[in-house]
Amino acid sequence: MAVLDRAIARLLPAVPKPLVQRISSRYIAGETVAEACRTVKGLNDEGRMATIDVLGEEIKSRDEALEIVRAYHDVFEAIQHEGLDSNVSVKLTGLGLKLGYELCKVNLQTVVRHAAQSGNFVRIDMEDSSCTSDTLRMYRELREEGLDNLGVVLQAYLRRTIRDIRELAPLRPNVRLCKGIYVEPPLIAYRDFDAVRENFVLCLSELLRGGCYVGIATHDQWLISEGLRLVGERGLGPDAYEFQMLLGVTAAAGDRLIRDGHRLRVYVPFGKYWYSYSMRRLQENPKIAGYIAADTLDRLFGRNGA
């Protein structure tokens, strides 16, 4: 299957853009704030919370980074005006991290302060390992400035993550814990499926032990069960944690969590960079390409009732 997944990923550039858009429309909310808000409204009506991400990792200039900042301004205004249950997620590369650390920091401060004025919350996404240290450094610096409406993402497949959790412990960080999707060398990342799962559970246990609020971000049913076990053992109420999933993926599993009284937040990406985002993500992680190809065939031929 891995060979087939890689073959599908290599063929993606030859797929007509309208077809890529059709495939990605299940996972990306569109190009505009209005489209993203319609998607969030639908999720809220189903009992799901949301986190909105303005796509833009591909930016190459200061002006493009500022455009992303302005887009988040529009998002906060729309969330407040429409009374949506949603926070936001930001990728530091979209705010200019690769153009300069200080430029990115100023842009992030602007977004987080605007969020605070709106009574909202910002989650810093974690990207590939070239960004990890700068991401955690910037998170610490803004928290030390008193910007507490700020959370971060940690990736369970990185060997460093358990150490990062212990170093961040004094801040009692609000953390989204996910497996991680980027292809990283075995020196810094677990590659074995069971090893990643085991480290996820270890990291989640450590975060909960430290009194952290955790967004348990996974579609892995075994990890969902382990998450439920760990929060149950600690006697945590539903306001002390949440589960998180991607837009358009495993809706039935999300329905079960909501039905059982757990909170679920859905990641809602949108923006004009949807095509490059889709192509890069699928090529970086061939397993996702294979999954989407199979999922699309199932929908086209009526084999999947989801």
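Residues within the reach of a label modelled at ARG234 (point 7 angstrom out along Cα to beta-carbon, backbone nitrogen below 17 Å), restricted to the stretch 100-143: there are none.
Element breakdown for the stretch 118-266 at a 1.4 angstrom probe: carbon and sulfur atoms account for 52% of the accessible area.
Of the beta bridges DSSP finds with both residues in the stretch 125-265, what % are antiparallel, to the nearest 5? In the stretch 125-265, approximately 5 percent of DSSP beta bridges are antiparallel ones.
Within the stretch 168-240, report the trypsin sites (Lys or Arg not before Pro) that DSSP leaves as loop and that have at most 16 other Cβ atoms within 10 Å. Those that pass, being in a loop and sparsely packed, are ARG191, ARG234.
With bins 10 Å wide beginning at 0, the percent of Cα pairs of the stretch 92-224 falling in each bin runs 12, 43, 34, 10, 0.
Determine the percent antiparallel among the DSSP beta bridges restricted to the stretch 91-207, to the nearest 5. Counting only bridges with both partners in the stretch 91-207, antiparallel ones make up about 10 percent.
Model label points for GLU31 and HIS81, set 7 angstrom from Cα along the Cα-to-Cβ axis, are 2.0 nm apart.
The values are calculated or read from the model by the stated rules, or taken from the named source; none is laboratory data. None of the values given here were measured: they were computed from a predicted structure. Note: ideal-geometry Cβ built from the backbone for every residue, glycine included; neighbour counts use all protein chains shown. The protein model used for the area step is the full one, side chains on, heavy atoms only, and it has no ligands, DNA or RNA in it. Shrake-Rupley method; radii C 1.70, N 1.55, O 1.52, S 1.80 Å.
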